[in-house]
Each structure stands twice: as C-alpha cells, then as structure tokens.
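Notes to accompany the following structure.
The values are calculated or read from the model by the stated rules, or taken from the named source; none is laboratory data. This is a predicted model, so every value here is computed, not measured. Cβ atoms come from the backbone with ideal geometry, glycine included; neighbour counts cover every protein chain shown. Protein only, heavy atoms only, side chains kept; ligands, DNA and RNA dropped before computing areas. Shrake-Rupley method; radii C 1.70, N 1.55, O 1.52, S 1.80 Å.
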Amino acid sequence: SEVVQAGLANVFQGPLMDVLKRALEEPQKVGLCLFGTAIDIVSNLIQDDPSRVPQMIESGVLPGILGALNKETMRSVECLSFVPGVLGSISLHSVGEEFILSAESQPIRLLTDILVDPSYAALLHSQPELAQIMSTHVDKVLRNQPTGSTKLTEHVVDCITDAMDSILVQARNYPTWSPLDIEDRTEFLADRLAAFGRFCWSVLGTNEQTLAKFLDKNGLSLIQQLHELPCLPYHLCSLEGQPHPLGSLFNLQAAGPNGNAAVLTSLQSMLKNHHGRVADFLKDRLNGPGDPYATLAKIDPAKVDVFLRSLSGLTAVLEGLQAVCREGTSVQVLEALQEPVSMLGDLAPKLFALAAWRPKEKDTKNSQFGTYTELARNIFSERRAAPIEKDAMDVDAGRMPSSSMEVDGDDAGQTKAMLHVARQCFSLASHTMRQFLVITSKQLHSRTRQREVTSGVLALAHKLANVSKGMLSVDHPSDLVIALRWVGDVFDLMLKMHEEQNRVAIRPLCLCTFYQSHGFALLGPLLQFIVQHIDQELARAALCSGLTYLEKVTSHKRFTNAPQVNLLRAEDGLIPKDPLCRSVQGEALKCVLPVWRQGDFSKFPDTIGQSLMKVWVHTLDGPRDIPARPAPKTSESMERTAGGDVATAPNSNAISGSGADGEVAVQSDEGGADRVAQAIANTLVDMGFAREQVERGMRHLGPAGHSDIGTLIMWMVSNPDPSQDVAAVAPAAAAAAAAAATAAADP
C-alpha cells in the first residue's frame with residue numbers, strides 16, 4: 001500500500017493531475033462511487049505526509065474536492081464515508097483549520113444538515129455506521145486544531161445547534177402523534193433523530209471544550225425541546241432494549257462535575273414539569289385497586305392522551321438519568337438523584353400495580369422492525385393485540401378484562417385503541433422505572449465502595465427504602481390473578497435492588513436501610529396472601545420469587561462477599577454486618593413460619609421447598625455468638641444399646657426431656673454444643689414437629705442429630721412417632737426432608 005500511495009503521489013504531480021481535477025469538477029459524470037474513491041486516495045496521501053496539504057491546496061486538488069461537495073454529490077456511501085475522512089486529514093496541517101472554515105461548501109455544516117435531511121433518512125438507516133464515521137472524523141478535526149484556537153470548536157457547535165433548530169422548525173409542520181392515527185407523518189423523524197443523536201453524542205461526549213461551548217449556547221434546552229416534540233411517539237426512548245440515541249444525549253460526561261450539574265439540572269426541570277400532571281391524574285382518576293381500564297374507558301380520550309404524553313415525558317427523564325448514572329463517576333450525581341427518587345415514591349408503586357393489569361407477552365422480536373417508526377407502529381397498534389371475546393375474562397391468555405371493553409357509541413373503536421396504548425405505556429413506564437431503581441441501587445454501592453458514607457449517600461439509600469416500602473404497601477389489585485402477578489413482580493424487583501448483579505453478594509446499604517425502615521414487616525402478609533391461593537399457578541411463581549428473595553438476603557456468605565460491607569458503621573446510623581445479618585435472618589424467619597405452618601407442601605414446587613429450607617439453614621450457619629459446631633463423634637466412641645438407641649460417652653450430648661417452659665432441654669458438658677442442639681431442637685418444634693419426636697431423634701442420632709438439622713429431619717421422616725397421626729405429619733415432613741438434603745449440600 002505504501003508503494004502504491006507513493007506511486008500515486010508522483011502520478012498526481014504529473015499528467016493525471018488534470019484528469020483528477022476534471023473528475024472533481026464533474027463528479028456525477030464520472031460516478032459518485034469513483035468520486036468518493038478519489039477522495040479516499042487523496043486522504044491517504046495526506047495522512048502519509050501531512051506536509052502535502054499546502055501543495056494540494058495550491059494545485060487546486062483540495063479546493064476542487066471541497067468545491068464539488070453539495071447534497072447531490074454526497075448521495076453515496078463512499079462519499080459519506082470518505083469526505084469526513086479527508087477533512088480529518090486536512091486538519092493534520094496547521095493551514096487546515098482556515099482552509100476548512102473558508103470553504104464555500106462549509107463541509108462540516110453540510111454533514112450535519114445531511115443527518116437531519118428527510119431525503120437522506122433511508123440511506124442513513126441502511127448504513128447506521130455512517131453517523132459514527134462522520135462523528136469520528138469531526139472529532140479528529142477538533143482535536144487537530146491549532147493550540148489555543150477555538151474557531152473550529154465554535155463552528156462545529158454552531159452547526160449542531162443550527163441542525164437542532166432546523167428539526168424544531170420542521171416539527172412545527174408535522175401533526176401531533178396520536179394513538180388513534182399511528183401512521184408516520186413526520187418523514188421518519190424518529191429515525192433521523194437516531195442518526196443525529198449518535199453523531200452528537202460522539203462529538204459532544206468526548207471533547208470537553210466542545211461540550212462547554214454547547215452548554216454555553218443553551219444546547220441542553222434544545223435537547224429538552226427535541227425530547228418533548230409532540231409529533232414523536234410516546235416513550236420513544238424506551239421502545240427498544242437500548243434507549244433511543246436521543247436519550248443518550250443527556251449522557252454528557254466530558255465536562256466532569258460541571259457538565260453533570262448542567263445535565264442534571266435540565267433533567268430535574270423536565271421531571272418537575274411532568275411529575276405534577278402524572279401524579280394528579282393517578283390520584284384523581286386511578287387511585288383504587290379496581291380495573292384501571294374500566295375507569296379509563298369512561299374518561300375523555302383527549303384527557304387520557306394528555307396524561308400519557310406527560311407519562312412519556314417523565315419516562316424520557318428517567319432514561320436520561322440512567323444515561324448519566326451509567327457513565328458518571330461523580331458522587332454529585334448520587335446526591336442529585338435524591339429528588340427524582342423522592343418523586344417516584346408516590347408514582348412507582350401505583351404504576352407497578354397498573355402494569356400488572358397487562359399480562360406479560362411473549363417476545364415479539366421487535367428487532368425485526370427495521371425503523372423506529374415501524375417499531376412504534378408495531379407496539380402501539382391495536383391490531384397487534386389478541387382478539388378479545390365478548391364478556392371474556394382470560395387475563396393469563398393476554399386478553400384485557402371484559403369490563404374494559406364495555407364501551408358504547410360511535411367512539412368505541414377509538415376508546416379501545418386508546419386503552420391498548422395505555423396498557424403499552426404503563427408497561428414501558430414501569431419497565432423504565434424498574435431499571436432506574438435498580439441502576440440507582442447499583443451505582444449507590446459502586447461509587448461508595450472506596451469512599452466514606454456521606455450524608456447524601458445515606459439519604460439516597462433511605463429514599464430507595466421508602467420507595468420499596470411504598471411498592472409493598474400499595475393496595476392489591478382487586479383481581480386475584482393480577483394481584484398474584486403483581487406480588488411476584490415486586491419480589492423480583494426487590495431482589496434486583498438488594499442483590500449484586502453477579503448474584504454472589506448483597507447490597508448492604510440498601511438492605512440495611514430497608515430493614516431499618518421496617519420493610520420486612522410488609523413481606524410476611526404478602527407471603528401469607530400467596531399461600532392462601534397456592535392453587536393458582538401464578539401463586540406458585542410468586543411464592544418462588546418471595547422465598548428466593550429471602551433465601552438470598554439471609555445468606556451470611558453473601559454478606560461477607562459484599563465489597564461495601566465495611567461501610568456499615570454504627571456511627572453513621574447503620575447496622576454492622578453481623579448484627580444486620582442476624583436481624584435480617586430473624587425477620588425472614590417471622591415471614592416463613594406462617595408459610596411452613598399453613599402451607600400445603602404437596603402443592604409446592606421443588607424449588608420452593610429448597611428456598612424455604614435454605615432460610616432455616618442460613619439462620620443456623622450465619623453469624624452467632626456461640627462456638628462453631630463440634631466435630632461428629634466416631635463410631636468407636638459410641639456404644640449401641642440392645643434397643644438400637646445410642647448411649648454416648650460421658651462428654652457427649654444427651655437429651656433429658658422437655659423443660660418447664662415447653663422447650664426441649666439439653667444437658668451437656670460442652671456449653672457450645674449444648675446451645676447448638678438447643679437451637680436446632682427449638683427450631684424443629686417451631687416448624688411443627690413434636691417435641692417427643694425431636695428428642696427421640698436426637699437420642700438415636702447422637703452428635704449427628706445435635707449438629708445437623710437435615711440429618712435429623714430425614715430420620716424423623718423415616719421414623720415417625722407412632723403416637724401421632726402420621727397422615728397429618730407426612731406431607732410437610734417429606735417435603736422438608738427432600739429440601740433439607742439439597743439445602744445441606746449447598747447452604
């Protein structure tokens with residue numbers, strides 16, 4: 001390649017120079033593909049030796065290239081790829097800045113205009129990498145500008161802000177997007193904003209000087225206006241698994257704390273604008289456990305549209321906050337999140353309950369829809385919903401309750417379409433809120449790992465705990481199936497907030513503040529509600545989620561694995577690791593005891609039995625103020641009696657019977673082992689086993705029965721007390737024994 005470039009350099013200085021100039025003067029005659037290739041060759045020659053720039057300017061090559069640029073000559077992948085490259089090459093020489101700025105074609109402005117030009121939408125969508133290529137080379141131009149000069153920086157910022165103004169002017173001529181008319185009337189504006197958003201994010205997010213100029217020119221105000229364009233579909237930034245690039249424009253981290261502060265201030269302003277309208281509508285119209293769609297069907301669709309538009313704006317703010325949280329490193333970001341989290345305290349619980357009324361659908365593979373416009377049409381189109389039979393109530397099949405469809409008159413079709421859009425909006429909003437709460441919990445711990453627990457960090461942890469309590473204490477949906485789905489979703493979210501993403505450690509700050517706010521007291525009633533309806537399939541799934549949560553947060557090993565566990569200090573108003581672990585385990589036992597006593601274990605899936613048993617095992621294996629268990633005695637140290645019972649050595653444990661207070665009394669010369677056996681015996685009595693049966697099992701097994709609850713349960717199941725009703729004990733005991741074997745192998 002070097003030989004070829006050297007040869008081409010000599011050729012261009014010779015007889016083919018006139019041919020090259022002719023091609024540049026009439027690019028459409030020679031073909032845009034060949035025109036772009038010639039530009040790429042010139043770019044490579046300059047990169048090989050930047051000192052050639054003045055010579056190529058004098059010879060007319062570079063003036064010919066820039067002079068030939070316009071929107072017609074740029075309509076090829078080659079030109080859109082290679083023109084930005086030649087600008088980056090020209091900037092390698094000191095004369096490049098003035099040459100680019102003085103060009104009549106204004107090449108950088110031409111690039112930004114192309115990104116928002118409707119006639120280029122199809123080409124840019126088919127080649128999404130073009131926006132990244134353009135931004136990479138424009139950033140290269142900025143980095144190569146002469147030291148101390150800001151001319152190119154100001155020019156690039158002006159081009160970006162002018163392009164944003166151009167979009168706002170275009171949007172005035174587009175009709176307001178309506179769920180009653182979901183066809184695109186904006187010349188694919190959502191997709192054009194995607195390409196333009198990628199370009200802006202790359203240029204502004206990687207160059208501190210450029211971002212500072214952008215902020216000085218009130219660029220964030222323009223981004224805010226773009227977010228709130230009424231011609232765009234609801235929840236544009238939440239339609240995909242990844243946010244729309246427009247949402248990423250709030251992720252401007254290059255300016256450090258100052259840039260973060262400006263972005264967060266803008267986001268907080270947007271949040272306040274939408275929060276009040278959403279909160280008022282929920283309070284006045286949807287403040288009850290009944291079917292929300294039956295209520296919405298009676299409201300003027302125009303008012304519902306205003307509410308959903310505000311809900312969409314609020315969701316866009318949360319997407320922006322997530323973008324800031326993902327990349328930012330400043331503790332200032334955590335402190336700025338306090339107000340948004342507080343505002344969600346009265347919205348998130350109700351929206352999660354509303355979202356439960358929309359059953360989970362199978363993956364529709366939205367990625368097959370190539371454009372954002374098609375994706376929005378697919379999500380919000382009422383035709384996508386399953387057919388609804390009259391007077392049918394089959395929520396699990398994905399149908400909406402029949403009460404929601406009872407609409408009379410000519411507006412029935414419009415109301416049905418609006419209700420379908422409302423279901424989708426509730427789902428998208430709740431999904432974004434879940435992500436926001438989880439990422440806030442994650443960043444709260446990752447950013448304080450190497451720092452002290454500041455008052456702001458502690459306040460944010462308590463606010464997250466209050467949101468969690470609000471989710472648990474909101475009125476159950478009136479429909480049983482919906483309520484069970486809601487309970488399972490809440491437990492799943494709680495686990496994501498309180499467990500690290502690697503699933504081997506808890507998040508101690510969030511868990512500690514949740515415990516201190518008496519949040520665990522709200523879990524027991526939910527579990528009992530589930531057990532009362534265990535015949536329902538969704539109840540079994542919800543119980544699995546609830547017990548899995550308790551299993552994870554009671555594991556002392558997960559407390560030990562948490563990198564931030566040393567931040568739990570009493571002087572900061574927190575509970576240290578071991579006392580917190582014991583306290584959480586105690587609260588978990590209060591929650592699962594009613595499940596154990598009242599539950600029909602024959603209807604429990606195997607995974608539920610394992611999780612339930614692990615809560616007990618974690619309690620025994622966790623931190624405690626007693627010595628470790630003694631090693632089991634060898635067979636040589638025990639003498640077997642004729643009746644089959646074991647008579648232990650003088651220093652071994654022996655059961656003497658029940659104490660006056662009703663507990664199993666244990667006599668031993670070893671104080672630590674004595675307390676272990678006492679704890680195991682009392683636990684089994686609480687679980688429902690007879691005291692006499694527990695004593696008989698401990699006498700028979702000796703040390704193994706005193707130290708291993710799983711072995712003791714297995715023996716009691718195999719040797720039931722003849723004086724008891726075996727049929728009444730067997731189901732619960734058999735399930736416990738099977739679960740104990742698994743739990744003992746993996747505590």
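General remarks:
- Solvent-accessible area of CYS237, all protein chains in place: 10 Å² (probe radius 1.4 Å, heavy atoms, ligands and nucleic acids excluded).
- For region 37-140, a Kirkwood radius taken over Cα pairs fed into Stokes-Einstein (37 °C, viscosity 0.692 mPa s) yields D = 238 µm²/s.
- For the pair region 529-559 / region 414-463, the C-alpha centres are spaced 23 Å from each other.
- Sorting VAL504, VAL138 on solvent-accessible area from highest to lowest, probe radius 1.4 Å, gives VAL504, VAL138.
- Here region 127-242 exposes an accessible surface that is 46 percent carbon and sulfur, computed with a 1.4 Å probe and the other protein chains kept in place.
- Extension gain, ASP284-PHE529: 0.36 nm per intervening residue step, less the Cα-Cα distance, totals 85.4 nm.
- Residues whose amide H comes within less than 5 Å of that of GLU500, counting only those at least five positions distant or on another chain, are ALA505, ILE506, ARG507 (H built at 1.01 Å from N in the peptide plane).
- FRET efficiency, 1/(1 + (r/R0)^6) with R0 25 Å, evaluated for GLN132 and GLU183 via beta carbons: 0.25
- Legend: residue pairs LYS283/LYS442; LYS469/LYS614; LYS272/LYS463; LYS590/LYS614; LYS213/LYS272; LYS350/LYS614, Cα-Cα distance threshold 22 Å; pairs beyond threshold, LYS283/LYS442; LYS469/LYS614; LYS213/LYS272; LYS350/LYS614.
- Over 14 Å [Cα-Cα, region 91-162], rounded percent: 62 percent
- In the assembled protein chains, PHE281 presents an accessible area of approximately 20 Å² (probe radius 1.4 Å).
- Cα shape, region 164-221, gyration tensor, a/c 1.5 rule: prolate
- Accessible-area rank, largest first, for HIS93, HIS420: HIS93, HIS420, with all protein chains present and a 1.4 angstrom probe.
- In loop segments of region 493-572 as defined by DSSP, there are no GluC sites (Glu not before Pro) with at most 13 further C-beta atoms inside 10 Å of their C-beta.
- The slack in the chain from GLN47 to ALA679, taken as 0.36 nm per residue of separation less the alpha-carbon distance, amounts to 219.8 nm.
- Area of HIS125 that stays accessible when all protein chains are in place (1.4 Å probe, Å², to 10): 80 Å²
- When the square roots of the Cα gyration tensor eigenvalues are ordered a ≥ b ≥ c, the ratio a/c for region 89-248 is 1.5 or more and a/b exceeds b/c, which makes its shape prolate.
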